[in-house]
Every structure is written in C-alpha cells, then in structure tokens.
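The values are calculated or read from the model by the stated rules, or taken from the named source; none is laboratory data. These numbers were taken from a predicted model, which means no experiment stands behind them. Cβ placement follows ideal geometry from the backbone for every residue including glycine, while neighbour counts extend to all protein chains displayed. For accessibility, only protein heavy atoms count, side chains too; no ligands or nucleic acids. Shrake-Rupley method; radii C 1.70, N 1.55, O 1.52, S 1.80 Å.
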Amino acid sequence: MLTKFETKSNRVKGLTFHPKRPWILASLHSGVIQLWDYRMGTLIDRFDEHEGPVRGVHFHNSQPLFVSGVAGTDNIVCLQVMITRSKSGTTIDLCSPTLASTFLRANMLTKFETKSNRVKGLTFHPKRPWILASLHSGVIQLWDYRMGTLIDRFDEHEGPVRGVHFHNSQPLFVSGGDDYKIKVWNHKTHRCLFTLLGHLDYIRTVQFHHENPWIVSASDDQTIRIWNWQSRTCISVLTGHNHYVMCASFHPKEDLVVSASLDQTVRVWDIGSLKKKTVSPADDLMRFTQMNSDLFGGVDAIVKYVLEGHDRGVNWASFHPTLPLIVSGADDRQVKLWRMNETKAWEVDTLRGHMNNVSSVMFHAKQDIIVSNSEDKSIRVWDATKRTGIQTFRREHDRFWILAVHPEINLLAAGHDNGMIVFKLERERPAFALSGNSLFYTKDRFLRYYDCSTQKDSQVIPIRRPGTPSLNQSPRTLSYSPTENAVLICSDLDGGSYELYIIPKDSVGRSDVVQDAKRGTGGSACTLHETIRVKSGAWDDNGVFIYTTLNHIKYCLPNGDSGIIRTLDVPIYITKVSGNTIFCLDRDGKNRAITINATEYIFKLALLRKRYDHVMGMIKNSQLCGQAMIAYLQQKGFPEVALHFVEDERVRFNLALESGNISVAVASATEINEKEQWYRLGVEALRQGNAGIVEFAYQQTKNFERLSFLYLITGKLDKLSKLMKIAEVKNNVMGQFHNALYLGDVKERVKILENAGHLPLAYITASVHGLKDVAERLATELGENVPSLPEGKTPSLLMPPFPVMCGGDWPLLRVMKGIFEGGLESAARGGAVDEEEEEDAGGDWGDALDMVDVDGMENRDIDAILEEAERGEDENDEEGGWEELEGLDLPPELDTPKASANARSSVFVTPTQGMPVSHIWSQKSSLAAEQAAAGSFDTAMRLLNRQLGIKNFAPLKSMFIDLFSGSQSYLRAFSSSPVVSLAIERGWSESSSPNVRGPPSLVYDFSQQEEKLKSGYKATTSGKLTEALRLFLSILHTIPLVVVESRSEVDEVKELVTIVKEYVLGLKMELKRRETKDDPVRQQELAAYFTHCNLQLPHLRLALFSAMGVCYKSKNLATAYTFAKRLLETNPMESQAKTARQIVQAAERNMTDTTELNYDFRNPFVICGSTYVPIYRGQKDVSCPYCTARFVPSQQGNICGVCDLAVIGADASGLVCSPSQVR
C-alpha cells in the first residue's frame, strides 16, 4: 500500500475529500470533526459542537460549506461555513433544520479587551472614549478603551457591584451593589459624593434619568426605587413584582420605566404624574412620609402593562431607542420582542437559539438589530425586522453576564467571567480609490465620485441591488483602472468575492444607470505595523507617508522616524495628501478636507536630506517648539539647532554644554545661579581650557580647594596668597596649610602647625628649613619632648614646579563657524555661507578667537571675598535643606463646629467630639508611610500594592508597628482616668495653627538609609557579606515607608533603590557561590555574573579578583584572562595587579577553557534575580515593579527574589514618597 498520510485519533466514522484542495474531513466517534491537509500532514482546524459520535460528513462541491450528521439523541444536521483563517475570535454554530436562518461563522471586530474579575456592570460615557466596569470583587474600573489604559479605580463597595451608569452631562456616575448601597461618584475628584440607603437586598441595576435629577434602581427586595440625587432622597417606591427585580431602566424619551423580574413578568410603569410634581427637597421629604398606606405604595408611578410569556425568570428588559418596542431575555433561553401602544402591549415574536440563560439583551443604537448574551458563553446578533439570527460570537470558557450599547457610535461591550470586551459588529471604513484628483468611493449602495480640485461630489452608478445587506458584507476595498474606466469592488460576501463594474463615460452625476457586474470569489488585505490600529494612509508630495490611527494623524519619514501631526476626535480615512491639506472620508462616508501643519516633518525631512539652508529658513520663520522637537534634535546630533527653540534656562544650559557653547552656558548658569550648574560649567570650561570661566564658576560656588589648585597650575600666586588669608580668617586650617604648601611659604606653615597645637611638627619644619630662632623658641616650649632629627640628611625646600604658561586660556584652532553657530545672520541674508570665510578657515593656531569675555562678567574678585571674610561675615552656604512646612499645599482647615444661638445658658453642653487625628491623617495623605503612622494598615498595604506591586508584607510588619508607635505619645492625667493619646506631628512649632494638623512624625527618614548604605559598603569591603546583605535588604524594605519633601530628593530615593538592588543581587549570588562547593562550573558562572553588577569601584575590584581566581583554579584560562584584564583597567592595589599580570602571562601561553560556561562577556546581559542566569539582549524578560530587578518570563507572578516584596511583572504606578508627587 502506497501510504500518503496517516493519523492517530479516536475511531473515525466518516470521511470526505475536498473536491479542489488537498483537504480531508474526518468525523470521529468522540464527536469531533477534524480538517486535515493530507499533502502537508497538518491539522488545519477542528469542530466539536456535536454531542455524540458524528457518523456522516460531506463537503459542498463549490461553496465553502460542509454538512455533518449524527445518530441518537442529537438529531441535528450541522451546516458550517469553512474559513481558512486563525481560530482566534471565531465561532462555529449548529443549526437545526427547523430554524429559519443559518448562523455563519464570523469574526468579532474587537476594539479593546481586559482581563479581570467577573464583570457584572458596564456603561459607556456618552462623549468621551471611556467605559466603566463594575466587578464581582467590589472594584469599579474606569478605562479609556481607545488608548487601552486604566484611568482610575474605585473600591468603596463591600461585595459585588452589579450596576453602574454614567450621567449624560455631569461628571458623575452611580453604582449599586450587594452591600445594599447606591453610591454617587464624581470621577473628576475621584471620590464618592454620597450614599443612598433604603433597599433591603442586593441592588441589581442603577440608571440616571436623561433629563430629571433621578436615579432608578432595581433590587432583590422586589422593589424598584426612584431617587432624587440632588436632594438625596427616595421619591417613589414601585411595588408589584413578587420575586427579585433583575433590572429597571428609564425610557430614553417618554415617562416610562421597564422592569424585569424572576416572577416571569416584564412590567412597564407610567411615571408621568411623578414628573409633574415638584422636585424640591422639602416636597420630596413630605412625599416620602405621606405615601399611601399600602406596604410601600405611592400613586406617583402606576403599572401600565404586565408582559407575560416567558416560562422562567426574566433577567433583562430594555426599550428601543426610538420605536415602541421592548426586548426581553430570560432563563427559558428565549429572547422575546414586544410592541406597545397607548392602550396595550403584546408579544411580537420569540427568538430561539441560546443554549442557556439569557443574561442581557438590548437594541442597537443605530441599526435594526438586537444583541443578546448568555451563560452559554455566546453573544448573538438578531435581525430585528426579520427576527432571524445574523451572527454568533462564542468564547471558550467565559459566561457572559452584561451588555452595554454606546448611545452615539457603533460600539458594544460585553462583560464575562474573566473581564470584558469592547467590539463592533461591522467595519465602518468606506472603500475608496484615488486617481489623480478623482476619488471614487462607496456609500449607501452607490459608487460615488469626488473631484478634489473642485470639491464636487456626485453619484455614479448603483453597485448592489436593493435589499438589506448583511453585517460585514459592505465593500472592503475598491480599485480603479483609468484605462478601462472600471472599478473592482471586493467584499467578504460568500467568504470573499469581487464585483467588476465598467463606468459609462456619461454616467458621472447620474444614478439611474444600472448594469450587471462581473462577479467572482477572492479577497484582498493590507498591513502596516504600528502599536495601535492603522486606519488609512497616503504619500504626500515630499515622499513622506501620512497615515491615521484611531485618534491621531501621523507621519513616517524615509528613515523610519515618525511623529504625530494632530489628534482626531473620530477616525478618518485618508484619500489624498496635497500640500497642507488632507482629503479624507469619515465613517459616515462624507468627504472632508483637513488642513494640517506640516512644518515639523518638513523640518525633519530637511535635516535628513541635509538641506541646511531650508533648515535655517524654517528656524527664522516657523514656530517650531516643544520638548519632542528638542529631544529629536539632540538625538540626531544637532544640539546647537535645539538651542534656537528653547527658552527654559535649564534646558538651554544642558544643550549649550552638549554643543560646547560656553558663552550661552555662562549666561544660563548666571540666570539659574545654582551650585550644580556652576559645577558642571566649571568641568566643561576646564575641558576646553578656558581658565577664566573655570575661575568664575569656582568663585560662584566658593569652592576654595579647586580655586587653590587652579591658581597653582596657572601661576596666579598673588590670588593664591589671598586664598590663604581667606582660609585663615575662616579658620580653615587644612586649606590654609595647603595654600602655604603650594606657595612654598615655610614660615606660614610653621605658624599654622604651631597654632594648631602640632609643636613637634612645627619644630621639625623650622629646623630643617633653617629657621633657627623659631626652632629654638619651639624647643624651649617642648622641653624634654623635642623630637630628634635624622643625621646625615641635607634638607631642601619642596616647591611646586612653576607653570610654563602663567594665566590665559588654552590656544584653540581657528575654524569656520558652522551654519548653526551664529549662522542665523547668513541664513537671513539668503542662507549661503560666505566663500571668503571658508578660505580663511585654515589650520593655523592663534589668539584671534571668538571667546567669551570673562572680564565683562559680574565676576566677584577674590579681594571682595577676602573683605567679607575679614569683616567676619558668615558665609551662609548651606545647600538644600528641608522645605518649611508653611509652604506645603495643605487642604483647607476643617470648619469648627459652632454652637447655636439659643445654646447660651447656664446648662453645661458637652462639646462635640472632634475627628481623631489619625482619621485626619488618613484622609489627607496618599503616602503609605503616613497611612501606616495613622494606623490605617490596610490602606497603606493597598497603596503599596497599587504603587509598587507589593504583595509580601511580612518584612514590613515590624516597620508598620514602629511607624504607628512613633507617631503617638500617651499622657496620664489622673489615676482614675484613661490615658490621653497625643499625636506627634512632623514639623510642629509654637506658631502653627491649632486647627491645622500637620503630617505625622515618622521614625524612618532618608538620612538613616544613607548611613545604612555607608555601613553596607564598609561591611562589603571587609568581607562581612551576610551583614552587608542584611543592611542592603533593610534599606530596600524601608524605602517604601520613607517620606521626603522635594522632587530632587525623590530622585535620590529612586537612585538609592537602584544602587541597593545591584548589591543585593550581587551579594546573594556570591553567597550562593560559596555554598555551591561541589559544582565548579556553577561557581565560575556565579562569580562571573557578580562582576557585571553595578558596584562601587573597590567592590568591583574584589569581585573581579575573586572571579579571576576561581576561573584560574578551574583551568579556564581564557575566561580568567578577561577578568584579569578588566581588573588591571581599574588601577588596583599592587598586590592585586601583580597577581593579575601573572595570570595574563600564563593565559597568553595557553588561551583555552577546560569547561564551557553559560557566560558571554561580549554580549550585553542582565542577571535573573531568581535563577541567576543571564538574560542576553533581545531575549524576553519581566521586571519587579519596585526594585526593577529583571527575571526570566517563567518567574512572572512570583515574589521578587531580590527585594522579597513585590510580585514580578505586576502592574504598578510607581514609587510615591513625597507630598510633591501628589499635589
């Protein structure tokens, strides 16, 4: 037997070959149908919706269909559409022969998807691209579905939140949950405004009224309540249902409410009389107290219709947005359509197809369709006119619970067991083609023509016979042939089809020409890579590709650089780009012409093509600005160009240093006048050899040590003498002695030593330099303690060598100014560079340089400094420091309770109890440390989890207790009375207001961590690695509970986390290496990885020395050689250097390794914090949200092995340790 292909599976009961393709279908006894490619030997797809053995299967000979059948209890013939696409997002549906329609396999156009706890409630914002999702866990999430980002979360409910709804005009939303509470929130201020209490059981749904200040709520207490959210009172209770009320909603236009209940009925309530009454708070209260004597009952709302027809409890009912229709879904797996008029309501039809309870059902806002979802894990789309099924979307494991329909646009959302999805039912992009200035596009079953030059729009020919088109069957692409004057239209109809139309020459402007099109099967596709969906694109006249995404118009340059031109409110589809005008179609098929500012990408294109004359012209005449442009110019090596766009002095200073423009840097540093800028300016000026600027910078920061050395090497001994006098006045003994040493002034040195009490040293200095009178006087004072001098030695005065060049700056090579350095004048004259200047740009060295005139600056001379010092003025040069608490942006003082006027009597009135200080701290602070100090440990833990992903709080337990204890003190008043708790506030003073509470005093501060860091360094140097690891881990555990004041200190805290993380990782690997005694290969690898941690230089030398020795002992000479060379580059101690040189010599004779290591020093890598293996560049990794340690992907979800606090790969907002970060 010549076997071509063979499978192993369950018993095969049916087989059929495809008539055209190398495919075979096999139906199995297990109920599965397999589709195989017998030529390639691969499984293409599988279908598994039959219940029981599938005994028969057959392909259609021309359509992409096959039929399958079973025997037994199923009795279903399954008609299925074959699509050779990825299975992701598609579904297979069974159809009984009794059903009027055949469900087809279809793709859901998913726009956004989340993974979370079960979603029980959904609502779209009417204007913004936001959606609220209420979860079974009690959390409410606010998402931007266009950008795919979580904006905020609200978690004050206790238990599942089943209902949520946005207000249509105010920044409010309402929620109801299993805690019997209705909460009204302000999403701008991120807080709950108030809570409405009254329901006695779970609250199922809540909804705002579109006009009145009302909220309707449905509850398991069998009632529906209407609330006035302005007066915060219940104004009506609707009773009549005798089981749980699963939903209730207002009519979008009329004074009606529809409700659904597990009592198997749908009720329509008339609330017209309620609207006629006043809605003032007093009337609301009176109405509530004067309700009818029924159990709850008022007469404000009456039952208008009771709709009976479902066999099981009804889960959902909703109104049609414009027609007098109601749709309902129930546990009997049916969807029912109802119609109503002024006097009655009746059932129109029943839609069957769901296999389990129907959870939610709604009308589409723009189309005549009904959408329902169910616990059978499917979403079904029904034609509301024909009452037949159109599409079904199914998930593998998730039951659906809720639906939401956007009131304005073609978007829906569905909540399921593991999150939610936002999706469309069909594409909205018009098909179009451009030829010159002629645009052909489709709209409303017509081919239309648009002339871009005259902006004239007209119909050409009809392209489809009348009839209701199916979803996703509209034209997908359109191509135009100017030679044949024909259009080719492709669509997804019948699995991919095309229609070819020949356009008559006289048909433009006429819509009555009907012709038969040539039809066939086929399709088309187009792909563009972007991080967000690309909607359309076109080339402009300069060769720049302009394209659109969901919310931006962007550009892409020929070198791959891209950027944003402008933002969009709604997506558009570009048809042509001409100059600064974009011609496009919107989702309604309307032509639009959008004017854009192309300056940015034209500027970048000119830079790319080195058209510097155009660049200079644009600098002079265009309004180019922004941080993005500055960053781009820096990245591309044009910092001198970026200088022309910047007004911020700090940015100008950085750019000037980067481009070497000292004059601009000096001007910016003078405006900023901070120590850091003067220091950096001095470093750059010293690199350029500009001694005048260096001196000026050192004078501004009063850095006398650097000034002394500068004067020494430049030969300015007179200024050096003045510095020595300044040091004497400021009582700076070491500075005075150094200056005397530089000057060779022996008498001054003796005087300094004598005044400092070092008489033996003063005597020796005077004796060896021939100052006999002074030496004899000092000998008399010393008495018997006169030190002995060595015999036979000839003393000589140590003098620094005199500079070859005294003063002045380094000579610089004269060169031509670049077009961007002072070339603005030439650009203004026409952008050309003078040829004579180019000829003068020779290679001679000289003094005729365009240097900064230091003499013209406000340069404080040394004499002025000396005069201040001699007057005894203290140089208040303290830097930084803690900010005063009076400058904090504190919330307003709490209103002091006032006694009423009639309370003034002789009777003692007990004072109103104030709010505990700990509660004030908890309400005012967003810092975890202050929440812990206030005793709100759970809030502190939630903050740390949200900000840093921390889940293991065991190491922080003692610190929480210390913070709480340290913020409280206790005072015993009388022996019979309890102790009085006193709050200890940070920064308290006698001038502080008694009504304003400062933040709590904290026992941990940043300076303590710096001291621990120094101790850790010392322990590492001395080889006490266990002690060092304990200190570094203590720093990592304490930093989340440290509070600093300024932004600069926040940066220092984050830098400290990075430093400590490297040491913890390295020390853990080194201790692991010392424990691994029986595995020499692993020992070498761990020692090698330790050398790639970012350590201080002395510790790096020790790590390299250790790794070098370990590898040498194991005969891995080549690897030991690399460590020895790295060690020698660090300028180690002589003993280490000698050993390294010996190993280099030994390795050069035999450059081999006896064992292979998982270590490649040439390929950059980071080390996994758990497995201690390298993660080379390009490999996937995950990181700790707190300490930023890196890990292999398999470690995601575990506790970080470095900090032992956070969850690897968790989403976190970042470290918050300062009030300045949350103001």
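Note that the stretch 454-463 has calculated 3J(HN,Hα) couplings of 9, 6, 9, 10, 7, 7, 10, 9, x, 10 Hz, one per residue in order, obtained from phi through the Karplus relation 6.51 cos²θ - 1.76 cosθ + 1.60 (θ = phi - 60°); glycine and proline are x. Taking a sphere under 12 Å around the Cβ of T1058 and counting the other residues whose Cβ falls inside, with K and R at +1 and D and E at -1, yields a net charge of -2. FRET efficiency for the pair H210 and E308, taken as 1/(1 + (r/R0)^6) with r the Cβ-Cβ distance and R0 = 51 Å, rounds to 0.95. Ranking V335, S438, P321 by how far each Cα lies toward the positive end of the dipole of the stretch 318-449 (charges on Cβ) leaves S438 at the top. Accessible surface ranking for M246, M1069, 1.4 angstrom probe, highest first: M246, M1069.
The gain in end-to-end length when the D648 to E791 segment is fully stretched comes to 44.8 nm, 0.36 nm per residue minus the alpha carbon separation. Taking all protein chains into account, the per residue accessible area for the stretch 945-1082 stands at 52 Å² (1.4 Å probe). For the listed residue pairs K253/K377; K443/K535; K554/K576; K951/K1012, the alpha carbons are over 21 angstrom apart in K253/K377; K951/K1012. Distance from the alpha carbon centroid of the stretch 1184-1223 to that of the stretch 431-454 works out to 53 angstrom. Here the stretch 316-445 has 44 percent of its accessible surface on carbon and sulfur atoms, given a 1.4 Å probe and all protein chains in place. Other residues lying with their Cβ under 12 Å from the Cβ of C1217 contribute a combined charge of -4, Lys and Arg counting +1, Asp and Glu -1.
On the basis of the beta-carbon distance and an R0 of 45 Å, E1148 and S1194 show a calculated FRET efficiency of 0.65. Once each part is reduced to its C-alpha centroid, what is the distance from the stretch 215-254 to the stretch 543-574 in angstrom? Each part's Cα centre sits 48 Å from the other's.
Of the solvent-accessible surface of the stretch 197-263, computed with a 1.4 Å probe and all protein chains present, 43% belongs to carbon and sulfur. Overall, the anisotropy analysis places the stretch 956-1089 in the prolate class: the square-rooted eigenvalues a ≥ b ≥ c of its C-alpha gyration tensor yield a/c not less than 1.5, with a/b exceeding b/c. For the stretch 179-226, the solvent-accessible area with a 1.4 angstrom probe is 36 square angstrom per residue.
Computed from the C-beta positions of K1072 and K115 and an R0 of 30 Å, the FRET efficiency is 0.25 to the nearest 0.05. Loop-resident trypsin sites (Lys or Arg not before Pro) (DSSP state other than H, G, I, E or B) in the stretch 1170-1213 with no more than 16 further Cβ atoms inside 10 Å of their Cβ: R1177, K1180. Across the stretch 1087-1095, coupling constants 3J(HN,Hα) worked out from phi with the 6.51/-1.76/1.60 Karplus curve, θ = phi - 60°, read 5, 5, 5, 4, 6, 9, 7, 7, 10 Hz, and Gly and Pro carry x.
Under the criterion of Cα pairs below 8 Å and six or more residues apart, the relative contact order for the stretch 1064-1223 equals 15 percent. Summary of the geometry: the stretch 20-75 and the stretch 1007-1053, compared by the centres of their Cα atoms, lie 66 Å apart. Rolling a 1.4 angstrom probe over the stretch 1081-1223 with all protein chains present gives an accessible area of which 48% lies on carbon and sulfur atoms.
The residues of the stretch 1122-1189 expose, per residue, 59 Å² of accessible area to a 1.4 Å probe.
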